[in-house]
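Trainee: Before I ask anything, let me first share the structure, which is written out below as structure tokens.
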Amino acid sequence: MSKYKIAIIGCGNIGADICIALQKGDIPAEIVALHDIDEAKAQLLKRTFHLDAEICDLDTAVSLSDFVIESATSIAVEPVIKSCIKHKKDCLIMSLSGLLNNLNLIEEAKNNHIRIKIPSGAICGLDGIRSAMEAGLHRVILTTRKSPQALKGAPYLIEKNIDLTDIKEPITVFEGNAFEAAKAFPANINVACALSLYGIGPKDTIVRIIADPNIKENMHEIYAEGAFGRLQTTTINLPSPRNIKSSYLASLSAIAELRTMAEDYIMHCLYCPERKSKNKNNL
Ligand SMILES: NC(=O)c1ccc[n+]([C@@H]2O[C@H](COP(=O)([O-])OP(=O)(O)OC[C@H]3O[C@@H](n4cnc5c(N)ncnc54)[C@H](O)[C@@H]3O)[C@@H](O)[C@H]2O)c1
């Protein structure tokens, strides 16, 4: 039986975790194309996992696949989605701060019947947030707690000249909405983007970031109030084995989305071979 064809855009940590998952053989998908701004990274992935994949430019990679996984960086999001719209391919976007800066593309993709899958990433509770939205939410707060090391290099800290190297106690380094958080901490706060897109939107989602020298794990807490009542979730993440700035659960959420898409595709091939799967809901 044919497999779901995947293009990986951005062949770093998450790309490698996807390859490891596919090696186990129980997801009916195969990587057919790799694209990375640094070609050596694509070559390394291909060599390490013995992939029968083409290393190529973005547009070719998208055209060769059934499903595109963006695991690169926020500035890659716009060209990836535009290429997916051009070639009529569904995609999974990991660099969600890039999506927040291009909200018009979500609408454009919907109008072109392209699904943009938004992974839950490193946070739990988005199922409840989505359900609660059916009756409305009036308050959503994300509190993220990370070690100073995990926040290092964030544009906001550099711009405000905030040095966290010798802090002994937890300090709140940022409070603002999800739009502001995505600009201030683009590589750290994908969870805020996912929460806001599933919930009341980036303008109204409140984000607090705490630098805590006493923790090794990344911790994300959601507090939400709405017509349904209140919810609180806490997710404590181990860092990814290959990247301290990334939570392992984020890679696992990408793999879970890929599994669902691939199984859906295979079901459609079995029961409706002439039609490719399409779903009106973009989430
Ligand atoms: N949604 C979430 O919850 C979540 C969680 C963790 C990470 N992320 C995001 O996923 C993305 C990938 O994370 P990672 O840990 O694999 O990072 P990584 O640094 O390990 O890998 C990124 C790869 O993308 C490549 N790249 C950079 N810019 C590119 C471009 N313009 N076009 C093509 N390739 C490019 C790099 O060379 C690198 O090989 C990041 O943007 C990160 O912020 C999202």
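The values are calculated or read from the model by the stated rules, or taken from the named source; none is laboratory data. Here the structure is a predicted model, which means the values were calculated and not measured. Heads up, the Cβs are rebuilt from the backbone with ideal geometry, glycines too, and the neighbour counts pull from every protein chain shown. In case anyone asks, the SASA skips ligands and DNA or RNA and just uses the protein heavy atoms, side chains included. Shrake-Rupley method; radii C 1.70, N 1.55, O 1.52, S 1.80 Å.
Trainee: May I ask you to list the chymotrypsin sites (Phe, Trp or Tyr not before Pro) in the range 194-268 that are in a DSSP loop and have at most 16 other Cβ atoms within 10 Å of their Cβ?
Mentor: 228
Trainee: Report the Cα centroid-to-centroid distance between the range 98-125 and the range 4-65 in angstrom, as an integer.
Mentor: 21
Trainee: Here is a further query. By what distance, in whole Å, do the Cα atoms of the chain stretch along each of the three principal axes, largest value first?
Mentor: Cα extents, longest axis first: 56, 45, 31 Å.
Trainee: Using 0.36 nm per residue, how much length does the chain from residue 127 to residue 183 gain when fully extended, once their Cα-Cα distance is taken away?
Mentor: 17.6 nm
Trainee: Within the P(r) computed for the range 76-173, what percentage of the Cα pairs occupies the region above 19 Å? The partial results should precede the final answer.
Mentor: On the way: 2918 of 4753 pairs.
The answer is 61 percent, as a whole percent.
Trainee: Give me the angle, in degrees from 0 to 90, between the Cα long axis of helix 13-23 and the longest principal axis of the Cα atoms of the chain, rounded to the nearest 10.
Mentor: 40
Trainee: Rg(Cα) of the range 133-241 divided by 2.2 N^0.38 Å?
Mentor: For the range 133-241, the normalised Cα radius of gyration comes out at 1.08.
Trainee: Next up: Treating each Cα of the range 190-229 as an identical point scatterer and ignoring solvent, apply the Debye formula and state log10 I(q)/I(0) at q = 0.24, 0.25, 0.27, 0.33 Å⁻¹.
Mentor: The Cα Debye sum returns log10 ratios of -0.89, -0.94, -1.02, -1.25.
Trainee: Taking 0.36 nm per intervening residue step and subtracting the Cα-Cα distance, what contour gain separates residue 20 from residue 52 on full extension?
Mentor: 10.1 nm
Trainee: Before I look further, what does the chain give for accessible area per residue, probe 1.4 Å, in whole square angstrom?
Mentor: 48
Trainee: If you roll a 1.4 Å probe over the chain with all protein chains in place, what percent of the accessible area is carbon or sulfur?
Mentor: C and S fraction of accessible area: 51 percent.
Trainee: Could you give me the radius of gyration and the Dmax of the range 102-159, taking only the C-alpha atoms into account and expressing both in angstrom?
Mentor: 16.2, 42
Trainee: Need the full-extension length gain, residue 30 to residue 268, defined as separation in residues times 0.36 nm minus the C-alpha distance. One decimal, nm.
Mentor: Values: separation 238, 0.36 × 238 = 85.68 nm, distance 1.71 nm.
Gain on extension, residue 30 to residue 268, equals 84.0 nm.
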